[in-house]
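The values are calculated or read from the model by the stated rules, or taken from the named source; none is laboratory data. A quick note: this is a predicted structure, and the numbers were derived from the prediction, not measured. Neighbour counts run over all protein chains shown; Cβ positions are idealised from the backbone, glycine included. Please note that ligands, DNA and RNA were not included when accessible areas were found on the heavy atoms of the full protein model with its side chains. Shrake-Rupley method; radii C 1.70, N 1.55, O 1.52, S 1.80 Å.
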Amino acid sequence: MSSNNITYKVIIAHFFNPINDKICEFLEDYAIVAKRNAKGDYKIVHRCHKSKLNEYIKRKKSVEIIDKSGQYVIPGMYDTHFHWVQDDVRTMPKANLLSWLENYTWPYEANFKKVSYAKKKAREFAKKIANNGTIGGACYGSIHSHSVSEALEKFEGDYILGNVQMTMNSPEYLTMGIEDTIAQTEELASKYKNKYAVTPRFAITTDPKTMSAGAKTAKKHRSFIQTHLSETQNEIDFVLSIYKNIEGFEKVKTYTEIYDKVGLLTPKTIMGHGIYLSPKEIKLLSQKQTMIAHCPTSNAPIKELGLGSGLFDYKRANRYKVHWALASDIGGGPFLSMLDVMNSFVCQNHKKGHRDASYTQALYRATLAGAKSLKLDKESGNFEIGKKLNFVSLGSKNFRGNLTVEDKLKKLIKRPNKLRELYADLIESTYYNAHMISGR
């Protein structure tokens with residue numbers, strides 16, 4: 001019988017089940033049972049200690065048991081802000097954001113003009129993200145339409161894609177006309193609906209008319225919106241210097257206000273970074289229910305292979321009730337692994353004296369909170385009854401002593417900087433909708 005036709009799939013393992021920033025269940029020696037529905041989705045219908053499994057399944061027909069006994073399993077991870085077309089510039093020199101874009105990122109993205117190049121790279125990247133335990137996220141392509149279609153076709157999981165809009169202050173080889181950009185956005189949003197994200201690169205490279213039209217298109221087709229906001233002070237100063245000379249924006253005081261005026265702040269908008277925000281700006285994001293993707297490895301100090309942008313104030317975001325989740329920001333971030341992102345989040349905050357930052361919190365922000373950013377938290381993100389069976393096995397490890405859940409997560413995830421490239425080796429297998437998409 002094909003595995004696609006099996007009615008019940010059971011996984012036996014030790015499970016970490018994230019609930020919120022402070023609570024993560026640990027289900028030791030458990031069995032999680034998922035049943036295939038009419039759509040072909042495997043939804044969790046039962047959880048029990050493995051000693052009670054036989055009693056539950058003894059009268060069930062068509063059962064497959066995935067025995068990961070002794071292995072530690074987490075939900076599939078979500079990356080809420082990354083550029084798949086920047087994979088080859090992840091470790092290029094990063095003196096500062098704007099020079100890195102100009103000297104490395106934009107010339108590389110020009111290669112995606114060729115459909116054959118995009119096809120090849122999409123196949124390669126799809127394997128890499130699955131190997132790293134990522135099963136969904138919000139992703140940026142290049143300006144080219146096929147950077148969206150090829151990624152959506154090849155990536156396995158819950159992804160939304162958008163082609164970056166670049167109509168001004170951009171190299172000629174990556175600049176499109178306003179009307180062409182608006183038409184392209186409408187065409188893609190009409191085709192892909194809520195799998196598409198209207199994606200102004202940022203206010204520096206995308207004119208107000210294009211952004212305003214994109215906001216209307218997103219609303220019309222129920223698409224997402226994603227862009228960058230307040231990653232560096234230099235970026236903010238440049239944005240404001242441009243917009244003070246644009247009609248209708250002369251009196252704008254903040255970066256966030258620009259996006260608000262063109263209609264981009266919505267409950268389906270994900271803003272990358274959001275490091276340097278005034279209280280007025282973060283209050284506005286809260287009112288609009290706009291979300292933030294926090295990218296600790298990208299914003300990390302240059303000596304840690306980041307852009308040195310600074311550290312996102314997650315405590316303030318929580319106070320203002322602004323939803324946020326973790327992201328890799330490939331290629332500003334150097335590595336694809338969300339485990340690396342989680343570790344960087346904890347370590348950077350601890351260095352700043354924020355001792356409440358934890359691996360429990362990081363796991364939640366890389367799984368259930370990421371699913372929430374994509375409006376998928378009712379069907380994915382942890383191991384609650386009714387959700388799809390998406391999981392990552394981190395292999396076996398012998399823990400000595402009476403450890404807390406936080407202690408176990410720390411021992412599994414924490415790595416020194418020199419071993420960061422080896423995070424993918426920690427992952428034994430990745431399953432999306434109860435099907436293995438990567439494994440050894």
Review point. On average, how much accessible surface per residue is there in region 165-208, in Å², for a 1.4 Å probe, leaving out ligands, DNA and RNA?
Key: 40
Exercise for review: Just need log10 I(q)/I(0) for region 84-144 at q = 0.18, 0.19, 0.22, 0.27 Å⁻¹, Debye formula, equal scatterers on the alpha-carbon atoms, no solvent, rounded to two decimals.
Suggested key: -0.71, -0.78, -0.98, -1.18
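Where in region 178-284 are there GluC sites (Glu not before Pro) that are in a DSSP coil and have at most 10 other Cβ atoms within 10 angstrom of their Cβ?
Sparse-neighbourhood loop GluC sites (Glu not before Pro): Glu247, Glu250.
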Check your understanding: Which of the aspartates and glutamates could a cross-linker span from Lys418 if the Cα-Cα distance has to be under 14 Å and same-chain partners fewer than 8 positions apart are dropped?
Key -> Glu304, Asp340
Review point. For region 313-371, what percent of Cα pairs sit more than 20 Å apart?
Key: 23
Point to revise | Alpha-carbon spread of region 117-192, three principal axes, descending order, Å | key: 38, 26, 18
Review point. Between Gly137 and residues 5 or more places away or on another chain, which pairs have amide H atoms under 5 Å apart, with H built 1.01 Å from N, and which residues are they?
Key: Asp79, Asp158, Tyr159, Ile160
Practice item. Calculate, for Lys119 and Asn402, the FRET efficiency according to 1/(1 + (r/R0)^6) with r their C-beta to C-beta distance and R0 51 Å; round to the nearest 0.05. Key: 0.45
Exercise for review: Excluding residues on the same chain fewer than 8 positions from Lys220, give the aspartates and glutamates whose Cα lies under 15 Å from its Cα.
Suggested key: Glu186, Glu187
Review point. Which residues in region 191-226 place their backbone N less than 13 Å from a point set 7 Å from the Cα of Glu250 along the Cα-to-Cβ direction?
Key: none
Check your understanding: If the cut-off is 16 Å between C-alpha atoms, which lysines fall inside it for Lys52, apart from same-chain ones fewer than 8 positions away?
Key -> Lys9, Lys60
Review point. With the Cα gyration tensor of region 281-400 giving a ≥ b ≥ c as the square roots of its eigenvalues, does the rule (a/c under 1.5 for rounded; else a/b larger than b/c for prolate; else oblate) give rounded, prolate or oblate?
Key: oblate
Review point. Label Glu187 and His49 with points 7 Å out from Cα along Cα→Cβ: what is the distance between them in nm?
Key: 6.1
**Study point:** Dipole of the chain [Lys/Arg +1, Asp/Glu -1 at C-beta], most positive-end residue of His81, His144, Ala34
**Key:** Ala34
Check your understanding: Tell me, what is a quarter of the convex hull surface for the C-alpha atoms of region 45-124, in nm² with one decimal?
Key -> 10.1
Exercise for review: Answer rounded, prolate or oblate for region 221-346, using the Cα gyration tensor with square roots of eigenvalues a ≥ b ≥ c: rounded when a/c is under 1.5, else prolate when a/b is larger than b/c, else oblate.
Suggested key: prolate
Exercise for review: Using θ = phi - 60° and the Karplus relation 6.51 cos²θ - 1.76 cosθ + 1.60, list the HN-Hα couplings for region 317-323 in order, rounded to whole Hz, with x at every Gly or Pro.
Suggested key: 4, 5, 4, 8, 6, 8, 5
Point to revise | Derived scalar couplings ³J(HN,Hα) [region 292-299; Karplus, 6.51 cos²θ - 1.76 cosθ + 1.60; whole Hz; x for Gly, Pro] | key: 10, 9, 8, 10, x, 6, 6, 7
Revision key, fill the gap. With the dipole of the chain defined by +1 on each Lys or Arg Cβ and -1 on each Asp or Glu Cβ, the option from Val63, Asn131, Tyr173 whose Cα lies farthest towards the positive pole is Val63
Revision key, fill the gap. Sequence order, region 111-121: Karplus ³J(HN,Hα) from phi using 6.51 cos²θ - 1.76 cosθ + 1.60, θ = phi - 60°, Hz rounded, Gly and Pro as x, gives 4, 6, 4, 7, 4, 4, 5, 4, 4, 4, 5
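Show me the trypsin sites (Lys or Arg not before Pro) within region 180-284 that DSSP assigns to loop and that have at most 14 other Cβ atoms within 10 Å of their Cβ.
Arg222, Lys244, Lys251, Lys253
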Practice item. Place a +1 charge on the Cβ of each Lys and Arg in region 354-440 and a -1 charge on the Cβ of each Asp and Glu, then give the dipole magnitude about the Cα centre in debye, rounded to the nearest 20. Key: 220
Point to revise | Three-way shape label, region 173-218, alpha-carbon gyration tensor, a/c 1.5 | key: prolate
Review point. In nanometres, what is the gap between the two model label sites at Ile385 and Lys22, each 7 Å from Cα along Cα-to-Cβ?
Key: 2.6
Practice item. List every residue whose amide H lies under 5 Å from the amide H of Asp29, counting only residues 5 or more places away in sequence or on a different chain, with H placed 1.01 Å from N in the peptide plane. Key: His14, Phe15
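Could you sort the peptides 79-88, 401-410, 41-50 by per-residue average Cβ neighbour count (10 Å cutoff), highest mean leading?
79-88, 41-50, 401-410
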**Study point:** Of all accessible heavy-atom area on the chain, the percent that carbon and sulfur account for (1.4 Å)
**Key:** 49
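Anything over 29 Å Cα to Cα? Flag those among Lys128/Lys408; Lys219/Lys321; Lys119/Lys195; Lys154/Lys388; Lys372/Lys410; Lys352/Lys375, in the order listed.
Going by Cα-Cα distance, Lys352/Lys375 fall outside the 29 Å limit.
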